[in-house]
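Undergrad: The structure that follows is given in the form of structure tokens.
The values are calculated or read from the model by the stated rules, or taken from the named source; none is laboratory data. What you see is a predicted model; the values in this text were computed from it and never measured. Because the Cβ atoms are built from the backbone with ideal geometry, glycine has one as well, and the counts that use them run over all protein chains shown. The area values use the complete protein model at the heavy-atom level, side chains included, leaving out ligands, DNA and RNA. Shrake-Rupley method; radii C 1.70, N 1.55, O 1.52, S 1.80 Å.
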Amino acid sequence: MPAYARLGDTVHISEMFRLVRGTGHILDVLDVLHRDRLALRIHEGAFSAMGLTACHPRTGELLSTVKFMVQTLVATGELQRDLQRELTYRRAVGPGGGNHLG
């Protein structure tokens, strides 16, 4: 992304999870967006109404409340994905837990 985006550009993505895979990665992405003064527009999902590149008016630093909210929502998304994966596995294995005789 940074190779193609120029200072002041807006990066458009459909959902946050198209760009970020986990809580550790999100802060790196936010730092790159802040450093390169890129705006981020997310079109769907929980992040679509948030200004993820909001900065403090005096210091120019990325707002800590933005970091907190983003980390919380990403962690919730990871939990949801893990629960869905577990439910899918249980349905595939079946009620016997995979110990089929015969």
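To keep it simple, each residue is scored yes or no on (1) open to solvent by 60 Å² or more (accessible area, probe 1.4 Å); (2) assigned to a helix (DSSP H, G or I); (3) free of Cβ contacts under 8 Å to residues at least 40 places away in the same chain; (4) more than 21 Å from Arg41 (Cβ to Cβ).
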| residue | (1), (2), (3), (4) |
| --- | --- |
| Val66 | no, yes, yes, no |
| Gln71 | yes, yes, no, no |
| Val74 | no, yes, no, no |
| Gly77 | no, yes, no, no |
| Gln80 | yes, yes, yes, yes |
| Gln84 | yes, yes, yes, yes |
| Tyr89 | yes, yes, yes, yes |
| Pro95 | yes, no, yes, yes |
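Undergrad: Going by the conditions given, is Leu40 closer than 15 Å to Thr10 by Cβ and not aromatic (Phe, Trp, Tyr)? Can you show your working first?
TA: Numbers: closer than 15 Å to Thr10 by Cβ: yes; not aromatic (Phe, Trp, Tyr): yes.
So Leu40 passes the test.
Undergrad: Could you list, in sequence order, all residues of region 29-50 that are part of a loop (DSSP other than H, G, I, E, B) and either more than 14 Å from Gln71 (Cα to Cα) or open to solvent by less than 50 Å² (accessible area, probe 1.4 Å) (or both)? Walk me through it before giving the result.
TA: Step one: filter region 29-50 for residues part of a loop (DSSP other than H, G, I, E, B), giving 36-38, 43-50.
If the condition is that a residue be part of a loop (DSSP other than H, G, I, E, B) and either more than 14 Å from Gln71 (Cα to Cα) or open to solvent by less than 50 Å² (accessible area, probe 1.4 Å) (or both), then Asp36, Arg37, Leu38, His43, Glu44, Gly45, Phe47, Ser48, Ala49 are the ones that fit.
Undergrad: Anything in region 27-74 that is at pLDDT below 80 and among the aromatic types (Phe, Trp, Tyr)? List them, or say none.
TA: Phe47 - this is the single residue of region 27-74 that is at pLDDT below 80 and among the aromatic types (Phe, Trp, Tyr).
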